[in-house]
Amino acid sequence: MPEPSVRPACDADGAAVAPLLYETAAGLYDRYAGGRELALRLLRRAFHEEGNNTSKGVVTVAELGGRVVGVLAAFPVEENARRAGAFMRLTLRTIPPWRWPGALWVYWAGARATPAPPMSALYIDALATDPAHRRRGVASALLEEAEHQAHAAGLRAVALDTSLGNKAARALYLGAGYQEVAFRPPGRTLPGFVALVKEL
């Protein structure tokens, strides 16, 4: 089988990237934006707008046979608050006003529910593989790329978080050398989260 190839995202990738990003947290995106179509519209718009946590400039894609089958959104931890704020402001310009209270609640509750990553790390905000192309090395190739990006930026670690119940993702990260360093229990209709870090 061919190995996945990894490259920076380009403008033409927006239509393929948005559904992959959506699948990283479909239920939360539905609550945040008001449904799948609104969430996909927001993600497509965010991809093409600079400065947020899903902007083209922080997205890397993985291809198999010339088709985008995986996505990574990563940036230094110190940029996280600024990028998340930009995504929130874009959300308020994109979704109907009556959806704003729900979006703001998910934004603030999610920020409190996830453990804080170390400041010296590259933060993986999203990592996804097309379900039809799993177990082909796509996620592993993207994790390797995150390590290259961290080294290039002079950062000492790669950090991410995932839901406590996502056993497949947790196994992948542990197998790639990550350590589970912090846990947050479920609460207020949000899933529990686990933070993972790999020192470089």
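At what distance in angstrom do the alpha carbon centres of segment 46-105 and segment 119-156 lie from each other?
If you average the Cα positions of each part, the centres end up 16 Å apart.
Connecting C-alpha atoms closer than 10 Å in a GNM of the chain, tell me which of THR60, THR162, THR189 has the biggest fluctuation.
Top of the fluctuation ranking is THR189.
Pick from ARG45, ARG93, ARG156: which is most flexible by mean-square fluctuation in a GNM of the chain where alpha carbon atoms under 10 Å apart are linked?
Of the options given, ARG93 has the highest mean-square fluctuation.
In nm, to one decimal, how far is the modelled label at SER5 from the one at TYR107, with both set 7 Å along Cα→Cβ?
Taking the two extended label points, one gets 3.9 nm.
Run the helix sum for the chain: -39,500 (n - 2.57) per DSSP H stretch of 4+ residues, divided by residue count, reported at 222 nm to the nearest 500 deg cm²/dmol. Show your work: numbers first, answer last.
Numbers: 7 runs with 83 residues, N = 200.
Estimated from H runs of four or more residues: -13000 deg cm²/dmol.
Go ahead and set up a Gaussian network model of the chain, Cα springs under 10 Å, then flag whichever of GLU79, GLU23, GLU37 fluctuates most.
The residue that fluctuates most here is GLU37.
Please work out how much length the chain gains when fully extended from ALA84 to HIS148, using 0.36 nm per residue of separation minus the C-alpha to C-alpha distance, in nm with one decimal. Walk me through the numbers before you get to the answer.
Numbers: separation 64, 0.36 × 64 = 23.04 nm, distance 2.32 nm.
Length gained, ALA84 through HIS148: 20.7 nm.
Just tell me, in residue order, which DSSP H segments of the chain are both 18 angstrom or longer along the helix axis (alpha-carbon based) and at least -0.5 in mean Kyte-Doolittle hydropathy. Mind showing how you got there, number by number?
Details: long enough: 80-94 (21 Å, -0.37); 100-113 (19 Å, 0.31); 138-152 (21 Å, -0.03).
The answer, listed by residue number, is 80-94, 100-113, 138-152.
FYI, it's all coordinate maths here, none of it is from the lab. Quick caveat, the model's predicted, so the values are computed rather than measured. Cβ atoms come from the backbone with ideal geometry, glycine included; neighbour counts cover every protein chain shown.
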